[in-house]
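Single-structure report; data block below.
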Amino acid sequence: MEPQEYDLMDRVEGEMWWYRALHARVVSCLNGCPGLLEKPLLDAGCGTGGLLARLAAAFPSRDLVGVDVASEAVRRARRKVPRARLVVGSVSALPFPRGFFGAIVSCDVLCHCLVDEAAALAEFRRVLAPGGMLVLNLPAHEWLRSGHDERVHNARRYSGASLRPRLEQAGFTVLDIWHWNALLLPLMVLQRKVVARRRGTRSDVALLPPPIEAIFRAVTGVEGMLAEVGVRFPVGGSLLAVAERPA
C-alpha cells in the first residue's frame, strides 16, 4: 500500500466503524467454525495488527501468528500484539510448514495487485491442517471500484459467483459466502461514485465525526445480528467466505 495508508490504518483501525464491524464478523465466523483449536491461528496479510489485537482479546489461549509482506506493517503489528508471532513474508509463498495451522483469516489480501491469487489459495490449503478453516474478507462488486482501491493497490473486486469456484478449484469446501455492509451500501455508492469524484483519490480510511461513527456502528451491529440468524443480503460493500480444508 501507499506508505500513508499504513499510517492511516494504524491510527484508526481500533475505532473506525468499518474495521470494528469487520473484526466482529471475523470473530463470529471463528466462534462458529474455529477449525483445529490445538493448532495456531494465522492472520495472512495482517497489516498493522488491528485484527490480530481483536483476535488476541477474543481468543486469549489460542496461539496467534501474523504474516505480512511489508516490514513496516509487521513492526506496527508487533507493537500492538506482542504475544503473537509476526513474520515478514508473502501469502503467495508462506514461510510455514505443511499443515501447521488450524485456521487462517485473510482480510482484503487476495485482491491485492502483488498477490498471485491462485498461488495464495494453494498456500492457504498447504499450511492448513485437514479440517482447518479459512475465513476470507474481500471487496465486493467491480462497479464499486474507487480511488481507495488505487491507494491500497486492489487489482480485483469479487462476487460470490466468482469466489466460490476459485475456492473449490483450490481444494476447499465452501461452507458459506455472503455480503456485508449492505445496509450502508447506498451511502457507500454515493460516496464513491459522486463525492469521491470531486476530491480525487483520497483514502476512505478515516474516522467520521463521533455521531456518524456511532450511527454506522449501530447499523453494522444490527446487520451483524441479522447475519447471526442467517439473513443474507444479495449485495454489500464486502464479501465474507468461510471454507474448510477437507480431512
Next on the checklist: Go through region 163-179 and report how many residues are over 27 Å from LEU226 (Cβ atoms) and touching a helix residue (DSSP H, G or I) at 6+ places or on another chain (Cβ under 6 Å).
Outcome noted: 2
Checklist entry - Where in region 148-247 are there helices (runs of 4 or more DSSP H), lying wholly inside it, with at least 1 residues that are modelled with pLDDT under 90 and either touching an Asp or Glu at 6+ places or on another chain (Cβ under 7 Å) or closer than 17 Å to TRP17 by Cβ (or both)? => result 185-190
Checklist entry - Which number in (1) surrounded by fewer than 18 Cβ atoms within 10 Å (Cβ to Cβ); (2) assigned to a strand (DSSP E or B); (3) in contact with a Lys or Arg (Cβ under 7 Å, 6 or more places away or on another chain) marks the one condition that GLY102 misses? => result (1)
Checklist outcome for this item: Residues in region 214-231 that are in contact (Cβ under 8 Å) with a residue 40 or more places away in the chain and either of a type in the set (Gly, Ala, Ser) or closer than 24 Å to ASN154 by Cβ (or both) total 6
Checklist entry - Which one is modelled with the lowest pLDDT among residues in region 109-142 that are closer than 19 Å to ALA161 by Cβ and assigned to a loop (DSSP other than H, G, I, E, B)? => result HIS141
Next on the checklist: Condition (residue is out of contact with any strand residue (DSSP E or B) (no Cβ under 8 Å at 6 or more places or on another chain), assigned to a loop (DSSP other than H, G, I, E, B) and under 21 Å from CYS29 (Cβ atoms)) applied to region 73-82: is it met by at least one residue?
Outcome noted: no
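Can you tell me how many residues in region 52-64 are over 15 Å from the mean Cα position of the chain (by Cα) and among the aliphatic types (A, V, I, L, M)?
The total comes to 4.
Can you tell me which residue among VAL91, VAL81 is crowded, with 24+ Cβ neighbours inside 10 Å and either modelled with pLDDT of 95 or more or of a type outside the set (S, T, N, Q) (or both)?
Sole residue among the options that is crowded, with 24+ Cβ neighbours inside 10 Å and either modelled with pLDDT of 95 or more or of a type outside the set (S, T, N, Q) (or both): VAL91.
The rows are residues; the columns are (1) free of Cβ contacts under 8 Å to residues at least 40 places away in the same chain; (2) over 25 Å from HIS148 (Cα atoms); (3) not charged (D, E, K, R).
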position: VAL12; (1), (2), (3): no, no, yes
position: TRP18; (1), (2), (3): no, no, yes
position: LEU30; (1), (2), (3): no, yes, yes
position: LEU41; (1), (2), (3): no, yes, yes
position: PRO60; (1), (2), (3): yes, yes, yes
position: VAL67; (1), (2), (3): yes, no, yes
position: VAL74; (1), (2), (3): yes, no, yes
Item to check | In region 1-58, residue surrounded by the most Cβ atoms within 10 Å (Cβ to Cβ) [restricted to those that are of a type in the set (Val, Ile, Thr) and part of a helix (DSSP H, G or I)] | outcome: VAL26
Item to check | Complete set of residues in region 131-185 that are among the hydroxyl-bearing types (Ser, Thr, Tyr) and more than 14 Å from the chain's Cα centre (by Cα) | outcome: SER146, SER159, SER162, THR173
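The values are calculated or read from the model by the stated rules, or taken from the named source; none is laboratory data. The structure displayed is predicted, hence computed values, not measured ones. Don't worry about glycine lacking a Cβ; one is built from the backbone with ideal geometry, like all the others, and counts go over all protein chains shown.
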